[in-house]
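S.K.: Got a structure for you, questions after.
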Amino acid sequence: MIEEPPTTTQRSAEVERRRAGELARPLTRPAGPIAVYDTVTDGMTGWQFLRTGRWLAYTAAAILFAIICLFLANWQFDRGQQASADNAVVAANFSAEPVPIELALPTLGSYDASQNWQRVSVTGVYLANEELVVRNRSNSGTNGFEVVTPLQLSDGSVFLVDRGWVQPSPTDALNPDSIPRPTSGTVSVVVQLRPSEAPLGTGSTTGNQIQSITLPRIQQTTGGDLYTGAYGLLNSQAPAAEAGLTNTQTSMPVEDVGTHISYMVQWLFFALLGFFALGLAARKVHRELNSDDPEERERASARMRKRARKPFTDEELEDEEIDGFLPLTRWGLSSGTGTGSVAGKTVGPTAAPRVVSPAAPRMALKQDDDAGDREQGD
């Protein structure tokens, strides 16, 4: 006798019954977590595995990692403190009344970090023939040159003044554009002190070009009584300087303190993250070793039921579209012999090796019908 094919309504009803676990097949796998065999932890229960050499090493590694993170966090904290202190010095000096150079720099090598950006007044005569040009100096995102001119004081000592920035020549990027000559005769300038720079670059230079304002090196080249502790960025001048140079610093510089604090917090988070990862790994091993414990099995069932109440993810929908079914665990059913629960209903031992999702009932049911036909043929 040939049976009538099921109608669409009957197929949908069967799908719902499968979802509820009412059309179950015998399973060959045990329910619940499967214990993992490990020669190190074999036979252990509870949290005994934490006393093994392996887990003591894991714990020591987490502690060492945390110590390194704390060291780096403290380093970033110190950098933030230093940046705050530097900002306080700049704020106090940047707009203060100028101090005569004789008081600010009593000797040629004098300079202290607390004098950064201090305003100093100097009177002397520019030595135009000994002017220097510093290469690769950026201004508003454009590389150019800074013009440094020696200023000879009445006592014969020489103080370097950075008169400003000039763009490269339109026809030769390796040389500056036209540089206005310094004011002749005696001038009174107000400058802001900057420390001698570290040597920079090894490229060859031509003429009066230099790579950095490294005062001791310049002193060795030019000779004489040169101030080697600091030089000055021109702030103002009387009589006025000829136009053509751009001031290199028009606003008060401020170091970013927030970045260092942010990095400090990140390193503290990483220190905690190491212990968090260790805890997750220990919990996983604990569940595997204690999979036969009734209390652990009950907790595993509760977690499975909780996962079953969540909406379908994009990954699950994609898997269902390809395979035509989703695992039993998606509905809170065990993948092996034992009991499961769907929507608060306890199901007896078993379940089909797969459960059809509502998105593709026809494909899954056809696969079940084909399997039934094969069984009848046998």
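The values are calculated or read from the model by the stated rules, or taken from the named source; none is laboratory data. Everything numeric here is computed off the predicted structure, so don't read it as measured data. Note that each Cβ is placed from the backbone with ideal geometry, even for glycine, and that neighbours are counted across all protein chains shown.
S.K.: Would a scan of the stretch 71-79 turn up a residue that is within 31 Å of the chain's Cα centre (by Cα) and part of a strand (DSSP E or B)?
M.R.: No, the stretch 71-79 contains no residue that is within 31 Å of the chain's Cα centre (by Cα) and part of a strand (DSSP E or B).
S.K.: Consider GLY274 against the criteria (1) closer than 30 Å to GLU97 by Cα; (2) modelled with pLDDT of 90 or more; (3) not hydroxyl-bearing (Ser, Thr, Tyr): it satisfies all of them except one. Which criterion is unmet?
M.R.: With (1) closer than 30 Å to GLU97 by Cα; (2) modelled with pLDDT of 90 or more; (3) not hydroxyl-bearing (Ser, Thr, Tyr) applied to GLY274, the lone miss is (1).
S.K.: Would it be correct to say that THR259 is within 38 Å of the chain's Cα centre (by Cα), among the β-branched types (Val, Ile, Thr) and more than 16 Å from LEU132 (Cα to Cα)?
M.R.: When the stated conditions are applied, THR259 passes them.
S.K.: Working carefully through the options SER184, SER154, SER169, find the one that is surrounded by fewer than 12 Cβ atoms within 10 Å (Cβ to Cβ) and under 17 Å from LEU245 (Cβ atoms).
M.R.: SER184
S.K.: Still on this structure, I have one more. Kindly indicate which of VAL134, VAL122 is assigned by TED's automatic domain parsing to the domain that holds SER157, outside any loop (DSSP other than H, G, I, E, B) and modelled with pLDDT of 95 or more.
M.R.: Going through VAL134, VAL122 in turn, just one is assigned by TED's automatic domain parsing to the domain that holds SER157, outside any loop (DSSP other than H, G, I, E, B) and modelled with pLDDT of 95 or more: VAL122.
S.K.: Return only the number of the condition from (1) at pLDDT 75 or above; (2) in contact with an Asp or Glu (Cβ under 6 Å, 6 or more places away or on another chain) that GLU315 does not satisfy.
M.R.: Result: GLU315 fails condition (2) only.
S.K.: Can I ask one more? Starting from the stretch 122-150, take each residue that is closer than 19 Å to SER236 by Cβ and list its partners that are assigned to a helix (DSSP H, G or I) and aliphatic (A, V, I, L, M), counting only C-beta distances under 8 angstrom and pairs at least six apart or across chains.
M.R.: What qualifies is VAL122/ILE101; THR149/ALA128.
S.K.: Please verify whether the stretch 252-262 includes one or more residues that are under 30 Å from ARG54 (Cβ atoms) and small (Gly, Ala, Ser).
M.R.: Checked the stretch 252-262: no residue is under 30 Å from ARG54 (Cβ atoms) and small (Gly, Ala, Ser).
S.K.: Which of the residues that make up the stretch 199-232 are modelled with pLDDT of 90 or more and exposed (fewer than 14 other Cβ atoms within 10 Å of the Cβ)?
M.R.: PRO216
S.K.: For the stretch 240-253, check the following and say yes or no: at least one residue is within 20 Å of the chain's Cα centre (by Cα) and of a type outside the set (A, V, I, L, M).
M.R.: no
S.K.: Scan the stretch 269-281 and tell me whether some residue there is over 33 Å from the mean Cα position of the chain (by Cα) and surrounded by 12 or more Cβ atoms within 10 Å (Cβ to Cβ).
M.R.: The answer is no, given that none of the residues of the stretch 269-281 is over 33 Å from the mean Cα position of the chain (by Cα) and surrounded by 12 or more Cβ atoms within 10 Å (Cβ to Cβ).
S.K.: When ILE63 is evaluated against the numbered criteria (1) under 30 Å from SER236 (Cβ atoms); (2) in the same structural domain as GLN266 (by TED's automatic domain parsing); (3) free of Cβ contacts under 8 Å to residues at least 24 places away in the same chain, which criterion, by number, is the only one it fails?
M.R.: Condition (1) is where ILE63 drops out.
S.K.: Would you mind stating whether LEU160 is under 18 Å from ASN235 (Cα atoms), in contact with a helix residue (DSSP H, G or I) (Cβ under 9 Å, 6 or more places away or on another chain) and touching a residue at least 12 places away in the same chain (Cβ under 8 Å)?
M.R.: Answer is yes for this residue.
S.K.: Six or more apart or on different chains, Cβ under 6 Å: which pairs go from a residue in the stretch 66-91 that's modelled with pLDDT of 95 or more to one that's of a type in the set (Ser, Thr, Tyr)? Could you list them?
M.R.: GLN76/TYR263
S.K.: Further question on the same structure: Looking at (1) in contact with a Leu (Cβ under 8 Å, 6 or more places away or on another chain); (2) closer than 30 Å to ALA128 by Cβ, which is the one condition that is false for SER251?
M.R.: That leaves (1) as the condition not met.
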